[in-house]
Structure formats: C-alpha cells, structure tokens
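Since the structure comes first, as structure tokens, the remarks are kept for the end.
The values are calculated or read from the model by the stated rules, or taken from the named source; none is laboratory data. Just so you know, these numbers come straight off a predicted model, no measurement behind them. Here Cβ is always computed from backbone atoms with ideal geometry, including for glycine, and neighbour counts include all displayed protein chains. Just so you know, the surface numbers come from the protein's heavy atoms only, side chains and all, with ligands and any DNA or RNA stripped out. Shrake-Rupley method; radii C 1.70, N 1.55, O 1.52, S 1.80 Å.
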Amino acid sequence: AESSSSAGALGDGWTASQVAAFADSPETRALVTCDLLELKPAELCPELPMYLLRDGDDIVELWARTESFFERARSADAKKKRASPLELETGARDSSLHPPYWAVPWVGGQGVARYILDHPEVVRGKTVLDVGSGCGVAALAAARAGASSVCANDVDPLAAVAFFANAEACDVARLSETTLETS
C-alpha cells in the first residue's frame with residue numbers, strides 16, 4: 001500500500017501552526033500510540049486492530065497531552081524563528097484544540113466498516129472517501145476489502161497520523177495493494 005498526506009490542509013478551526021505541529025512524525029506517532037491508548041479491535045470489527053482509548057481512561061487526559069504537545073512544538077518553533085512578542089501573543093490564542101476523537105471508534109464508522117468487511121464487493125477496485133474518518137475504521141475496512149484507493153478525511157490533523165498508525169497495525173500494506181491517503 002502506498003500512502004500520502006495532505007499535511008498542509010487546514011480543517012475547520014485549525015491554524016497553520018497546529019497543522020504543522022501535528023504533521024506525521026515519530027513524535028506525533030508516539031502521541032497517537034501513547035500509554036493512554038492500546039492496540040485493540042473496535043467492538044464491531046475484531047479483524048481491525050487499532051490504537052484506541054483504553055477502557056476507563058479519560059479522553060480529557062489525552063486531550064491535555066495533545067495540548068501540551070502543541071505548546072512544546074509552538075515554543076520550539078518560536079525559539080527557532082525568534083518570534084516577535086506579537087507573534088507569540090497571537091500564537092497563544094491558537095492552542096484550543098479539538099478533543100482527540102480519533103482515539104474512539106465511533107459506532108457509525110464501525111457499522112460502515114462491518115458492512116464493507118461483510119460485503120467487500122461494494123468497494124473492491126474502487127476509490128473510497130471516508131469523511132470524518134477519525135481513527136479510520138471504515139477506511140481501513142475498505143482497504144482490507146480491496147478498494148484501489150482510500151482517502152481518510154478528517155478536520156483533525158492528528159486523525160491522519162492515527163489513521164497511518166492504525167493502517168500499519170492492521171498490516172494493510174502487506175495485505176492490500178490499496179493506495180492510502182489523508183486529507
């Protein structure tokens with residue numbers, strides 16, 4: 001499977017500095033696979049292991065870690081660029097991030113994924129766009145079912161990182177010739 005990302009795309013409410021901070025990297029991969037998450041299947045799709053929020057863990061703690069990650073990245077970037085006080089003040093206002101919904105397999109996505117896995121002919125050889133992809137459960141099911149190309153679309157740039165980490169966990173590259181991308 002090939003993969004690509006539209007890393008420069010801005011989702012609703014996201015700033016360019018946030019998108020840049022959350023580009024796919026070893027650091028962001030560590031964030032989307034941290035100790036608050038575990039490699040486990042979504043309830044309706046046992047054949048798709050993904051990094052999902054641990055049972056009982058608070059999504060608010062993961063959200064706080066995401067905020068801290070961004071603040072560290074923003075501070076490091078400001079030091080490199082020697083940002084002016086006005087730029088630092090403006091940057092401080094762009095730190096309210098969306099909750100990390102990419103760590104939870106929404107039941108609607110699971111239902112679509114289950115249908116695709118049970119009826120692979122609906123996507124086999126086709127191009128699939130998963131809108132509001134989050135963890136990518138429906139997109140991963142499409143890749144597993146033989147779609148020629150799958151795009152996992154989400155407003156959260158960390159959802160793209162989570163999708164690629166989950167694609168690796170599902171061994172999509174070995175099991176499929178699908179081209180994977182995010183936007």
Scan of region 127-171 for residues that are in contact with a helix residue (DSSP H, G or I) (Cβ under 7 Å, 6 or more places away or on another chain) and of a type in the set (V, I, T), ordered by number
V128, V137, V150, V161
Return only the number of the condition from (1) among the aliphatic types (A, V, I, L, M); (2) out of contact with any Asp or Glu (no Cβ under 8 Å at 6 or more places or on another chain); (3) modelled with pLDDT of 95 or more; (4) open to solvent by less than 50 Å² (accessible area, probe 1.4 Å) that L39 does not satisfy.
(4)
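Please state which one of V19, V60, V32 is at negative phi and at pLDDT 95 or above. Don't jump to the end; show me each part of the working.
Details: V19 fails: at pLDDT 95 or above; V60 fails: at pLDDT 95 or above.
Just a single option satisfies the conditions, and that option is V32.
Please indicate, with yes or no, whether at least one residue in region 64-76 is closer than 21 Å to D171 by Cβ and surrounded by 15 or more Cβ atoms within 10 Å (Cβ to Cβ).
Kept after step one, since they are closer than 21 Å to D171 by Cβ, are these residues of region 64-76: none.
Checked region 64-76: no residue is closer than 21 Å to D171 by Cβ and surrounded by 15 or more Cβ atoms within 10 Å (Cβ to Cβ).
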Number of the condition not met by P46 [criteria: (1) modelled with pLDDT under 95; (2) open to solvent by 70 Å² or more (accessible area, probe 1.4 Å)]:
(1)
1 or more residues open to solvent by less than 50 Å² (accessible area, probe 1.4 Å) and at pLDDT 95 or above: qualifying helices (runs of 4 or more DSSP H) within region 102-183:
107-118, 137-144, 157-169
Considering only residues that are without any contact (Cβ under 8 Å) to a residue 12 or more places away in the chain and not in a strand (DSSP E or B), look in region 26-52 and name the one that is farthest from T182 (Cα to Cα).
D35
